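**Student:** Quick one: this structure, given as structure tokens, is what I'll be asking you about.
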Amino acid sequence: MSSPPIVSIRHLTEFAGQEVVVRGWVRHRRSSGKVQFLTIRDGTGDLQAVLSKGTLGEEQYGWATELTQESSLVLTGKPRADTRAPGGLELDVTRLQVIQVAQPFPIQPKEHSVGFLMEHRHLWLRSSRQRAILKIRHEIIKACRNFFDERDFVLIDTPIFTPSACEGTTTLFQTQYFDQTAYLTQSGQLYGEAAAAAFGKVYCFGPTFRAEKSKTRRHLMEFWMVEPEVAFAQLPDMMDLAEALLTSMIKNVVSNQREELAVLERDVAKLEAVAIPFPRVTYEEAISCLKKKGSPIQYGDDFGAEDETTLSNEFDKPVIVHRYPTAIKAFYMQPDPTHPDLALCMDVLAPEGYGEIIGGGQRIHDYDKLLARLKEHNLPQAAFQWYLDLRQYGSVPHAGFGMGIERVVAWICGLDHVRETIPFPRMLYRLYP
Ligand code: 4AD
Ligand code: MG
């Protein structure tokens, strides 16, 4: 006789009435005399399994009574439709194999402090809520890659060890690279620009690092960023691209992650409201709006977290803020030809107070202008010579942006902190586990 197939819980409906093997962990056990009810999780779903003394015999039934939360096991049995059961099925178990009886699990269905949960992040990942968040993260990343791939962008992996700063020298993680100093990358952009001249349209997607000495609900020390870069593109092209990317990701999450959004009690109507076109306001308009709302902000200041929240609360979709003063932006930003003290740049602020999720714009493509900017920013020319070089060999206007995945996940999932959006967050005071 051939042995029954190993089936994951989400595919069980296709096997109703047939003998199958299910492997997983115990979430919960409840007994009523001669029957034990186990809720089993295998990563793809939850299943109620019914174990009776009559079917299993004394010995195996005895093992079942010892099962604790997170004990690992292999069950053989037949799925049977039951409308009351989660997933609409129950498994009538004919054989129980216990792999391990788990020690008392530290995380119980009660309130734990955030500190305790973060300390046990390696175990916390198993909770329904954390699994829902990380599945949505996966969907977002998949949608994002598909979006660029379908539009003929080429994926270019950029280095993690770099000789120079992209986003300012105050947040660099310095490390030793044999006899040289290296920095962990803050952004793949500069390398993306080189690749855009080779392929036309590229994107990079990888971990980036910022030694942010502030403890906020939006900042991580290590976060993942997707960065498209397009030759011959200008600022309005990036606004269009950002809108199309965000709406496409939301559409995928809303249609493919319904259950996960429900676990998180996310108001899906708010996500469905996110449709093209997004409002576009200049930095100057944003400042006067904030002043009217009572913010002490002055023209020339960067937005604080509260200002971003105030601004984004004005809209039920992401808002694109463009043309910030060059003085508060990175060295590579192309000045607006009609107002050279403004940069052809944009930030996209998510609604519901989530703040900046995308930053980007047009890059300086003139050699002399770029060299002057490097000097103004006190950046070492030698480390940037290759980047300057790009402006000598068929330099063209080009533009791009970076989108922080964790902030997008926090927004789409409706979380109050980015710490839950990445499996193992690196934060100001947290490097463990
Ligand atoms: O605005 P930023 O600093 O822009 C850049 O790095 C550009 N070089 C990108 C480009 O044009 N290719 O960062 C881009 C995005 C932010 O909008 C935010 O979503 C995210 O990266 N981000 C962070 N996310 C989590 N923790 C941090 N410490 C972050 N810093 C930036
Ligand atoms: Mg920014």
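**Student:** Would you mind telling me the share, in percent, of accessible area of the chain contributed by carbon and sulfur at probe 1.4 angstrom?
**Tutor:** Numbers: 10720 of 20680 Å².
Its accessible area is 52 percent carbon and sulfur atoms.
**Student:** Under 5 Å between amide H atoms, partner at least 5 residues away or on a different chain: which partners does residue 282 have, H built in plane at 1.01 Å?
**Tutor:** Here the answer is 322, since their amide H atoms fall under 5 Å of that of residue 282.
**Student:** Please identify the longest segment of the chain free of exposed chymotrypsin sites (Phe, Trp or Tyr not before Pro), where exposed means a DSSP state other than H, G, I, E or B and no more than 11 other Cβ atoms within 10 Å.
**Tutor:** Details: sites that count: 178, 299, 393, 429.
The longest such stretch corresponds to 1-177.
**Student:** Ok, one more. What ranking of 138, 120, 11 comes out by heavy-atom accessible area, probe 1.4 Å, highest first?
**Tutor:** Values: 138 110, 120 40, 11 70 Å².
The residues order as 138, 11, 120, largest area first.
**Student:** Given a 10 angstrom Cα cut-off, can you work out which residue in 347, 157, 368 is the most mobile in a GNM of the chain?
**Tutor:** Maximum fluctuation in the GNM of the chain, among the listed residues, is at 368.
**Student:** Something else now. Against the globular-protein guess of 2.2 N^0.38 Å, express the Cα radius of gyration of the chain as a ratio, rounded to two decimals.
**Tutor:** On the way: Rg = 26.3 Å, N = 433, 2.2 N^0.38 = 22.1 Å.
For the chain, the normalised Cα radius of gyration is 1.19.
**Student:** Between the DSSP loop rule and a limit of at most 16 other Cβ atoms within 10 Å, which GluC sites (Glu not before Pro) in segment 193-272 are left?
**Tutor:** Numbers: sites: 193, 212, 222, 229, 243, 259, 260, 265, 272; in loops: 212, 265.
Loop-located and lightly packed - 212, 265.
**Student:** So with the 1.4 Å probe, I'd like the accessible area per residue for the chain, rounded to whole Å².
**Tutor:** On the way: 20680 Å² over 433 residues.
With all protein chains present, the chain gives 48 Å² per residue.
**Student:** Using alpha-carbon positions, what is the distance between the centroids of segment 30-48 and segment 139-195, in Å?
**Tutor:** First find each Cα centre; the distance between them is then 46 Å.
**Student:** Now for a separate question. Which of 142/329; 213/375; 135/213 have a Cα-Cα distance over 28 Å?
**Tutor:** Numbers: 142/329 31 Å; 213/375 26 Å; 135/213 30 Å.
The pairs that break the limit, which is 28 Å between Cα atoms, are 142/329; 135/213.
**Student:** How big is the charge dipole of segment 115-194 about its Cα centre, in debye rounded to the nearest 20, if each Lys and Arg gets +1 on its Cβ and each Asp and Glu gets -1 on its Cβ? Before the final figure, lay out each step's value.
**Tutor:** Working: 9 positive and 9 negative charges, 146 e Å.
Charge dipole, segment 115-194, about its Cα centre: 700 debye, nearest 20.
**Student:** Also, I was wondering about something else. Treating the beta-carbon of each Lys and Arg as +1 and of each Asp and Glu as -1, no other charges, what is the dipole magnitude of segment 136-176 about its Cα centre, to the nearest 20 debye? Provide the component values of the computation, followed by the final result.
**Tutor:** Values: 4 positive and 6 negative charges, 26 e Å.
Approximately 120 debye in magnitude.
**Student:** Suppose every Lys and Arg Cβ carries +1 and every Asp and Glu Cβ carries -1, with no other charges. What dipole size does the chain come out with about its Cα centre, to the nearest 20 debye?
**Tutor:** 1300 debye
**Student:** If you don't mind, another one. Count charges around residue 194 for me, please; just the other residues with Cβ under 10 Å from its Cβ, Lys/Arg as +1, Asp/Glu as -1. The partial results should precede the final answer.
**Tutor:** Values: positive: none; negative: 193, 229, 389.
Net charge in that neighbourhood comes out at -3.
The values are calculated or read from the model by the stated rules, or taken from the named source; none is laboratory data. Not measured: the values here are computed from a predicted model. Glycine gets a Cβ as well: all are built from the backbone with ideal geometry, and neighbour counts include every protein chain shown. In case anyone asks, the SASA skips ligands and DNA or RNA and just uses the protein heavy atoms, side chains included. Shrake-Rupley method; radii C 1.70, N 1.55, O 1.52, S 1.80 Å.
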